[in-house]
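Asker: I have a structure here, written as C-alpha cells, and I will follow up with some questions on it.
The values are calculated or read from the model by the stated rules, or taken from the named source; none is laboratory data. The structure presented is a predicted model; accordingly, all values stated were derived computationally and were not measured. Here the Cβ is made from the backbone with ideal geometry for all residues, glycine too, and neighbour counts use every protein chain on show.
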Amino acid sequence: MITVAIAEDHQSLVDGINLLLKYEENISIVGTANDGEGLLEIVRLKQPKVVLTDIKMPKMDGITAARTIKKEFPHIKVIAFSMFDQEEAIHQMIDAGASGYLLKNSPLEEVLKAIETVNAGSNYFDASIDLGELMKSNSADRKKGILSKSEREILVLIGQGKTTSEIADLRFTAVSTVEKHRKNMIRKLGLSGKGELLRYALEKKYDF
C-alpha cells in the first residue's frame, strides 16, 4: 500500500485528487493540509511513503517543507505540485530533495502515475519540462551561484593570472584569507586542486 499525504492551499484541488485516488486499491491518502506546517504535522504523525506538495503555500512554503521532510525522513518521497514551471522553482525543489515535479495543468491521471513512479524509486517530471536544458543550467549556472561575491571576485583575478600575494595586495587582505577562499572554491566547485581552479577561472573569467 502506498500511503500519501497532500498539501495544497486550494481545497477544490485537494478534493479532486482525493476523488481520483480514493478508488485506487494500492493507494491510501493518510492526510491533507492547506499549508506547509500542517503537512509537517501529518508527515511526523503518519510518515507516508509519498508526499505531494504545492510550492507556494501559507505559513511554510513547499520548498522549506520538502527540505525538512527529507532531513527528518530521508526515505519519504516528495513530489512538487505547482503552477510554476520556471527553472529556478524546479531546481529549488530538486535541491530540497524532491523526486518529482508536476504542473497543476497536468491531467489528474498523471498524479497517480507520478506517485507510483517515485514510490518505485524513480524520478518523475512533467512531460512539458525540458530535462536536458534543466540539467545543463544546473551543471553550469548553479555552480557559479554557489560562490560568494568575494570568491567570484578572486576567481576573476585568478583568471587574470594574479598570484595569491598579488590578489591579497589588490584586495587589501591577508594571504591566508585568499588561500582560504581558494580552498573553499575548490571544495564548492568539486575541483581537485589549484590547477583545476585556474582552468575553471580561465574558462569562466568573463562570466562573473
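Asker: Just to be sure, is GLY100 under 17 Å from VAL4 (Cβ atoms) and surrounded by 15 or more Cβ atoms within 10 Å (Cβ to Cβ)? Walk me through it before giving the result.
Answerer: Working: under 17 Å from VAL4 (Cβ atoms): yes; surrounded by 15 or more Cβ atoms within 10 Å (Cβ to Cβ): yes.
Against the criterion (under 17 Å from VAL4 (Cβ atoms) and surrounded by 15 or more Cβ atoms within 10 Å (Cβ to Cβ)), GLY100 qualifies.
Asker: Could I ask something else about it? Assess whether LEU157 counts as being farther than 30 Å from ALA5 by Cα, part of a helix (DSSP H, G or I), touching an Asp or Glu at 6+ places or on another chain (Cβ under 8 Å) and modelled with pLDDT of 85 or more. I'd like the intermediate steps shown before the answer.
Answerer: Working: farther than 30 Å from ALA5 by Cα: yes; part of a helix (DSSP H, G or I): yes; touching an Asp or Glu at 6+ places or on another chain (Cβ under 8 Å): yes; modelled with pLDDT of 85 or more: yes.
Against the criterion (farther than 30 Å from ALA5 by Cα, part of a helix (DSSP H, G or I), touching an Asp or Glu at 6+ places or on another chain (Cβ under 8 Å) and modelled with pLDDT of 85 or more), LEU157 qualifies.
Asker: Report the residue count in region 64-101 for those that are closer than 17 Å to THR32 by Cα and assigned to a helix (DSSP H, G or I).
Answerer: 3
Asker: Return yes when ALA120 is at pLDDT below 75 and of a type in the set (Gly, Ala, Ser) and no when it is not. Even if it seems obvious, please write down each step before you answer.
Answerer: Details: at pLDDT below 75: no; of a type in the set (Gly, Ala, Ser): yes.
Considered against the rule, which asks whether it is at pLDDT below 75 and of a type in the set (Gly, Ala, Ser), ALA120 comes out as no.
Asker: In region 6-25, which residues are in contact with a strand residue (DSSP E or B) (Cβ under 6 Å, 6 or more places away or on another chain) and not in a helix (DSSP H, G or I)?
Answerer: Those that are in contact with a strand residue (DSSP E or B) (Cβ under 6 Å, 6 or more places away or on another chain) and not in a helix (DSSP H, G or I): ILE6, ALA7.
Asker: So, one more: In region 47-60, how many residues are surrounded by fewer than 19 Cβ atoms within 10 Å (Cβ to Cβ) and modelled with pLDDT under 95?
Answerer: Qualifying residue count, region 47-60: 4.
Asker: Look at region 50-64 and say how many of its residues are touching a Ser or Thr at 6+ places or on another chain (Cβ under 6 Å) and aliphatic (A, V, I, L, M).
Answerer: Residues that pass the stated criteria total 1.
Asker: Is it the case that VAL43 is over 21 Å from the mean Cα position of the chain (by Cα), closer than 22 Å to ALA120 by Cβ, assigned by TED's automatic domain parsing to the domain that holds TYR124 and not polar (S, T, N, Q)? Before you say what the answer is, go through the steps one by one.
Answerer: Numbers: over 21 Å from the mean Cα position of the chain (by Cα): no; closer than 22 Å to ALA120 by Cβ: yes; assigned by TED's automatic domain parsing to the domain that holds TYR124: yes; not polar (S, T, N, Q): yes.
In short, no.
Asker: Select from region 43-59 the residues that are farther than 11 Å from ILE69 by Cα and assigned to a helix (DSSP H, G or I) and list them in ascending order.
Answerer: LEU45, LYS46, listed by residue number.
Asker: Going through region 1-45 one residue at a time, which ones are among the basic types (Lys, Arg) and either at pLDDT 85 or above or surrounded by 15 or more Cβ atoms within 10 Å (Cβ to Cβ) (or both)?
Answerer: Within region 1-45, the first condition is being among the basic types (Lys, Arg), and the residues that meet it are 22, 44.
The answer is ARG44, and nothing else.
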